[in-house]
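Enquirer: Supplied in structure tokens, the structure appears directly below.
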Amino acid sequence: MRRLILGMLACAACALALAPAASAQSGGGCQLDGDASFTPGLNSSAQNFNYSFNGVLSSCKSSEAGAPTDGTVSAGEVVTINGQQFQEPVPGGNGSCATSTTSGTAIVSWADGTKTVVDYSTTGAAAGVHLEGTVAPSVTLQAVNPQPGQPTSTTVTTTRYAGASSQGVLAFEPPDPTACNTPAGVSTAGIQGFIGLGSS
């Protein structure tokens, strides 16, 4: 399950990175290297959980001329925009270390300053996680403890790869694989893999 969650976020991020232009048939892919945190930790018993994720997208290839070759991706994180903190939507799921399903929204920030918002879902079993995602027009983030006069929310709008979709498979790397057999479970894990995305 922990893998599933990690895979899901990672896949969403990767999908964004891979997303090509929607105006013509295209495709691409990126390498993802990231970390995820789970609350509560994932163990051998199925349960509901929330998680956050952040990672780096690199070595991106795309059929779209001039597309960025790297970027970052996150979901469920507190981010700073124009000097103010905002909370990204927190992804959630249900499952155990063996199997799980999750869903959420990830935001990709490309090296050229463009953004891609991706709605995604994942299913996982054992060491593999399958992700499916669709680029969304935008997502609204709620402000964290806004001060008088500050906005209470902000909207992140997709400015690259609108209309694209993606699929991917990832692998997770818990710091202590035996933690899955403890009541506390796995609270953090690394995630690596490759995701592909296309549009027409």
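All of the numbers you see were taken from the coordinates with simple rules; none came from a lab. Since this is a predicted model, take the numbers as computed values, not measurements. So basically every Cβ, Gly included, is an ideal-geometry build from the backbone, and we count neighbours across all protein chains shown.
Enquirer: Subtracting the Cα-Cα distance from 0.36 nm times the residue separation, let me have the gained length for SER58 to GLN167 in nm, one decimal. Before the final figure, lay out each step's value.
Expert: Numbers: separation 109, 0.36 × 109 = 39.24 nm, distance 1.71 nm.
Result: 37.5 nm gained on full extension.
Enquirer: Give, as a single signed number, the net charge of other residues whose beta carbon lies under 14 Å from the beta carbon of GLY113, with Lys and Arg counted +1 and Asp and Glu -1. Walk me through the numbers before you get to the answer.
Expert: Working: positive: LYS115, ARG160; negative: ASP70, ASP112.
After counting each charged neighbour, the total is 0.
Enquirer: Out of residues 5 or more away from ASN43 or on other chains, whose amide H comes under 5 Å of its own, with H placed 1.01 Å from N in the peptide plane?
Expert: CYS97, VAL186
Enquirer: Still on this model: In nm, to one decimal, how far is the ALA65 label point from the THR101 one, both placed 7 Å along Cα→Cβ?
Expert: 4.4
Enquirer: Would you calculate the separation in nanometres between label points at GLN85 and THR188, each defined as 7 Å from the Cα along the Cα-to-beta-carbon direction?
Expert: 1.8
Enquirer: Roughly what would the spin-label model give for ASN50 and ALA111, points 7 Å off Cα along C-beta, in nm?
Expert: Those two pseudo-labels are separated by 3.4 nm.
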